[in-house]
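**Student:** Input: one structure, supplied below.
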């Protein structure tokens with residue numbers, strides 16, 4: 001019986017690691033009056049990265065966002081929401097996520113806005129963010145298909161390491177950066 005329980009726990013953990021949840025936050029999509037173009041684009045990109053993708057839709061409503069994120073965060077290691085990161089009166093995604101995060105990862109928001117700046121100076125108006133709840137990574141990206149995928153693509157080089165670290169794998173091999181350039185500040189690895 002213990003072996004079955006261990007196998008079930010391992011299967012559950014494997015599902016969590018391999019599953020990404022895409023949550024579209026949009027009054028129009030929730031009402032069926034708008035196509036979920038950004039959710040579709042994110043799901044396609046995440047599937048291309050090897051994730052099994054599950055989907056959900058909620059309106060731009062703080063309590064609906066919180067309820068859906070609470071329900072999904074423990075079921076997957078990566079939750080990507082799209083929409084509600086702008087400056088409009090119904091754009092409440094950052095407020096919903098911030099009240100749920102154990103901690104924010106400021107660099108993720110910075111990387112997403114920097115990538116967006118290559119396409120438009122309006123990227124700085126995005127309140128995209130990322131943070132941790134338990135052992136899950138929550139990422140909020142813009143609601144436009146291009147803004148959503150550009151933001152996700154900016155994070156791709158970081159995702160595997162972030163998820164590995166959140167999973168408890170914090171021992172990393174020592175990396176020898178090779179000879180240091182003159183003028184570089186010494187590190188504790190440099191000989192005296």
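The values are calculated or read from the model by the stated rules, or taken from the named source; none is laboratory data. Model, not experiment: these values are computed from the prediction. Reconstructed Cβ throughout: ideal geometry from the backbone, glycine too, with neighbour counts over all protein chains shown.
Rundown of residues vs (1) in contact with a strand residue (DSSP E or B) (Cβ under 8 Å, 6 or more places away or on another chain); (2) in a strand (DSSP E or B); (3) more than 28 Å from residue 169 (Cβ to Cβ); (4) in contact (Cβ under 8 Å) with a residue 60 or more places away in the chain, yes/no style:
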residue: 23; (1), (2), (3), (4): yes, yes, no, no
residue: 30; (1), (2), (3), (4): yes, no, yes, no
residue: 35; (1), (2), (3), (4): no, no, yes, no
residue: 41; (1), (2), (3), (4): no, no, yes, yes
residue: 47; (1), (2), (3), (4): yes, no, no, no
residue: 71; (1), (2), (3), (4): no, no, no, no
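**Student:** So, in segment 119-139, how many residues would count as being in contact (Cβ under 8 Å) with a residue 24 or more places away in the chain, out of contact with any strand residue (DSSP E or B) (no Cβ under 7 Å at 6 or more places or on another chain) and not in a strand (DSSP E or B)? Before you say what the answer is, go through the steps one by one.
**Tutor:** Step one: list which residues in segment 119-139 are in contact (Cβ under 8 Å) with a residue 24 or more places away in the chain, which gives 119, 123, 125-139.
Filter once more, so that each one left must be out of contact with any strand residue (DSSP E or B) (no Cβ under 7 Å at 6 or more places or on another chain): 119, 123, 125-127, 133-135.
Those still in the list that are not in a strand (DSSP E or B) too: 119, 123, 125-127, 134-135.
The total comes to 7.
**Student:** Would you point out which residue out of 163, 97, 155 is part of a helix (DSSP H, G or I) and modelled with pLDDT under 95?
**Tutor:** Working: 97 fails: modelled with pLDDT under 95; 155 fails: modelled with pLDDT under 95.
It is 163.
**Student:** Before we move on, is residue 14 surrounded by fewer than 14 Cβ atoms within 10 Å (Cβ to Cβ) and at pLDDT below 95?
**Tutor:** Judged against the criteria, residue 14 is a match.
**Student:** Moving on. If only one of 66, 80 is closer than 19 Å to residue 135 by Cα, at pLDDT 95 or above and surrounded by fewer than 18 Cβ atoms within 10 Å (Cβ to Cβ), which one is it?
**Tutor:** Of the residues listed, the single one that is closer than 19 Å to residue 135 by Cα, at pLDDT 95 or above and surrounded by fewer than 18 Cβ atoms within 10 Å (Cβ to Cβ) is 66.
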